[in-house]
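Trainee: Mind having a look at this structure? Questions to follow.
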Amino acid sequence: MNQKLIAPSLLAADFGNLQRDVEMVNNSEADWHHIDVMDGVFVPNISYGMPVIKAIAKHATKPLDVHLMIVEPDRYIDAFAELGANILTVHYEACTHLHRTLQAIKAAKMKAGVALNPHTPIHLLEDIIQDIDLVCLMSVNPGFGGQSFIKNTYPKVSDLKDLIIKKNSNALIEIDGGVNSDNAKSLVDSGADVLVAGSFVFKSEHPTRTIQGLKQIIA
């Protein structure tokens with residue numbers, strides 16, 4: 001894949017003006033809407049649930065990249081499909097039977113993603129990488145926006161890229177957490193395909209220009 005993608009994280013949006021921020025992403029050079037779902041169990045925070053995602057989907061014109069930071073994600077696969085998720089990412093650490101979960105996501109007509117926490121090594125995906133459409137590497141500890149980027153992510157991206165090539169997988173590499181204009185190019189040069197940017201975009205003075213700037217950096 002040559003084109004590199006930007007997926008603004010709506011977790012950092014202004015929930016009092018959510019439609020406005022969704023439409024900003026629609027009209028920007030961003031590629032996906034990234035949606036973080038947290039349950040207060042798998043991660044120490046609660047974000048938003050089905051009604052809010054339904055509202056987002058009503059106004060979104062770009063793909064919904066849904067990242068489940070929850071326990072027992074299998075229980076909700078069909079629900080997220082019905083809400084219009086295009087990509088559904090589950091955490092390796094939350095899935096006892098990961099292969100079964102990925103097959104269920106694909107059966108529900110969504111792309112299947114797997115997220116890895118910062119402490120989880122790449123080699124654990126060796127036997128499943130060919131069944132994955134997207135690997136989301138957490139470059140912060142999941143649960144809260146606005147955290148600092150973990151620099152060990154760079155070698156992990158390189159190792160994951162090597163595994164994808166070795167196994168002839170089509171999986172995209174997504175980076176989630178602390179992405180900004182200082183590390184975007186290095187991440188793409190290391191092998192990343194999709195960059196999730198939350199606070200860096202939505203807390204900036206001109207979010208549309210910030211997205212444009214990121215796209216220019218990684219072009």
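Trainee: Name the residues in the stretch 44-58 that are in contact with a strand residue (DSSP E or B) (Cβ under 7 Å, 6 or more places away or on another chain) and either at pLDDT 95 or above or open to solvent by 60 Å² or more (accessible area, probe 1.4 Å) (or both), would you?
Mentor: Matches in the stretch 44-58: I46, I53, I56, A57.
Trainee: A further question on this structure: Answer yes or no as to whether T96 is in a loop (DSSP other than H, G, I, E, B), open to solvent by 40 Å² or more (accessible area, probe 1.4 Å) and not aromatic (F, W, Y). I'd like the intermediate steps shown before the answer.
Mentor: Numbers: in a loop (DSSP other than H, G, I, E, B): yes; open to solvent by 40 Å² or more (accessible area, probe 1.4 Å): yes; not aromatic (F, W, Y): yes.
In short, yes.
Trainee: What number of residues within the stretch 138-153 satisfy the criterion of being open to solvent by less than 60 Å² (accessible area, probe 1.4 Å) and either touching a helix residue (DSSP H, G or I) at 6+ places or on another chain (Cβ under 7 Å) or assigned to a strand (DSSP E or B) (or both)?
Mentor: 3
Trainee: Taking the stretch 13-43 on its own, how many of its residues are surrounded by 14 or more Cβ atoms within 10 Å (Cβ to Cβ) and assigned to a loop (DSSP other than H, G, I, E, B)? So that I can check it myself, show each step before the final result.
Mentor: Keep residues of the stretch 13-43 that are surrounded by 14 or more Cβ atoms within 10 Å (Cβ to Cβ), which gives 13, 18, 21-25, 28-39, 42-43.
Restricting the remaining residues to those that are assigned to a loop (DSSP other than H, G, I, E, B) gives 13, 28-32, 42-43.
Total satisfying the criteria: 8.
Trainee: Can you tell me which residue is surrounded by the fewest Cβ atoms within 10 Å (Cβ to Cβ) among those in the stretch 122-137 that are touching a residue at least 12 places away in the same chain (Cβ under 8 Å) and part of a loop (DSSP other than H, G, I, E, B)?
Mentor: The selected residue is E126.
Trainee: Looking only at the stretch 17-70, count every residue that is of a type in the set (V, I, T) and free of Cβ contacts under 8 Å to residues at least 24 places away in the same chain and tell me the total.
Mentor: Applying the first criterion (of a type in the set (V, I, T)) to the stretch 17-70 yields 22, 25, 35, 37, 41, 43, 46, 52-53, 56, 61, 66, 70.
Remaining after also requiring free of Cβ contacts under 8 Å to residues at least 24 places away in the same chain: 46.
Qualifying residue count, the stretch 17-70: 1.
Quick grid of which residues meet (1) open to solvent by less than 50 Å² (accessible area, probe 1.4 Å); (2) over 18 Å from N17 (Cβ atoms); (3) assigned to a helix (DSSP H, G or I):
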{"residue": "N168", "(1), (2), (3)": "no, yes, no"}
{"residue": "S181", "(1), (2), (3)": "no, yes, no"}
{"residue": "V188", "(1), (2), (3)": "yes, yes, yes"}
{"residue": "F200", "(1), (2), (3)": "no, yes, yes"}
{"residue": "E205", "(1), (2), (3)": "no, no, no"}
{"residue": "I211", "(1), (2), (3)": "yes, no, yes"}
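Trainee: Would you pick out the residues in the stretch 75-93 that are open to solvent by 20 Å² or more (accessible area, probe 1.4 Å) and under 18 Å from C136 (Cα atoms)?
Mentor: Within the stretch 75-93, N86, Y92, E93 meet the criteria.
Trainee: So, one more: State whether one or more residues within the stretch 49-69 are in contact with a helix residue (DSSP H, G or I) (Cβ under 6 Å, 6 or more places away or on another chain), over 25 Å from G16 (Cα atoms) and not in a helix (DSSP H, G or I).
Mentor: There is no residue in the stretch 49-69 that is in contact with a helix residue (DSSP H, G or I) (Cβ under 6 Å, 6 or more places away or on another chain), over 25 Å from G16 (Cα atoms) and not in a helix (DSSP H, G or I).
Trainee: Do any residues in the stretch 207-219 that are touching a residue at least 12 places away in the same chain (Cβ under 8 Å) have Cβ atoms under 8 Å from those of residues that are open to solvent by less than 30 Å² (accessible area, probe 1.4 Å) and charged (D, E, K, R), where the two are at least six apart or on different chains, and which pairs are they?
Mentor: P207/D21
The values are calculated or read from the model by the stated rules, or taken from the named source; none is laboratory data. Every value quoted in this text rests on a predicted model; they were computed, and no experiment measured them. Methodologically, a virtual Cβ is constructed for each residue, glycine included, from the backbone with ideal geometry; neighbour enumeration extends over all protein chains shown. For the accessible areas, the whole protein counts, side chains as well, though only heavy atoms, and no ligand, DNA or RNA atoms are used. Shrake-Rupley method; radii C 1.70, N 1.55, O 1.52, S 1.80 Å.
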